[in-house]
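Here is the structure we will look at.
The values are calculated or read from the model by the stated rules, or taken from the named source; none is laboratory data. No experiment lies behind these values; they were computed from the predicted model shown. Every residue, glycine among them, receives a Cβ derived from its backbone with ideal geometry; neighbour counts consider all protein chains shown.
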Amino acid sequence: MPLFRIISDLDELLAEFQNGTPTSDATFNELRMTAARLGEIQRQLDIAHRKLMPAIAAAEMVIAHKHVDFSEAERILNDRFLMDEQCLTGVAGMDEEHRELIRIGNRVYLMAHAKYVDAAQIGAAVDELRSHTRAHFATEEMLMDKVQFPARDKHRTIHEKMLDYLDEMAVLAPGGPLIVAIKLEKFLGSWFIWHMQKDDTEMARYYLENAPKVNLAA
């Protein structure tokens, strides 16, 4: 339904209250439905705005400098990926490494939507992501082994698949930088939401509960 129609219907419903017209259950239901529609429109507008801003910023940089500095764009725009409470594990080293991975992920997001990325730029981002990811996974796997985390084999298998995917993106980057940026941004969204917020927090919880029982210096 067009936005102007929703607003028109809302005005009619609100007029019933202003004119002292007895309010029926149907009227309340209409108000609730209208509020839900407006909420969904707002959500879609927010998504569109977040996608549009990187493109505008990149275009402005190209006009001014004939080149996009994505590290500068990171400081200008709101982050696509956030280190919110759901991502916090309580293990300081893991959380710090997650912040770094999210920072790189936000740069990839800008590249995926800016349309001006070149092979060298996405290649550098993929290389940095691979390097930090390997180091981070090594940290996690060391912690899992220390406390004999029951699901460590499954967790390690997930890590291997993620690293394989990043290796694949590194091979594809020179010939299709924009496609790789788009693929990688979608992959990171799934990674940060499902693996970081679910698998990593579950592992960290077990680690924190069991670390005092083992000799971590061994």
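Checking residue 124 against (1) more than 14 Å from residue 93 (Cα to Cα); (2) surrounded by 14 or more Cβ atoms within 10 Å (Cβ to Cβ), only one condition comes out false. Which one?
(2)
Does residue 105 meet the test of being under 22 Å from residue 186 (Cα atoms), of a type in the set (Gly, Ala, Ser) and either surrounded by 12 or more Cβ atoms within 10 Å (Cβ to Cβ) or modelled with pLDDT of 85 or more (or both)?
Spelling it out, residue 105 is indeed under 22 Å from residue 186 (Cα atoms), of a type in the set (Gly, Ala, Ser) and either surrounded by 12 or more Cβ atoms within 10 Å (Cβ to Cβ) or modelled with pLDDT of 85 or more (or both).
Could you list, in sequence order, the residues of segment 88-105 that are touching a residue at least 24 places away in the same chain (Cβ under 8 Å), closer than 24 Å to residue 210 by Cα and of a type in the set (Asp, Glu)?
97
Are there any helices (runs of 4 or more DSSP H) wholly within segment 131-218 with 1 or more residues that are surrounded by 12 or more Cβ atoms within 10 Å (Cβ to Cβ), touching a residue at least 60 places away in the same chain (Cβ under 8 Å) and aliphatic (A, V, I, L, M), and if so which?
Output list reads 177-190, 201-210.
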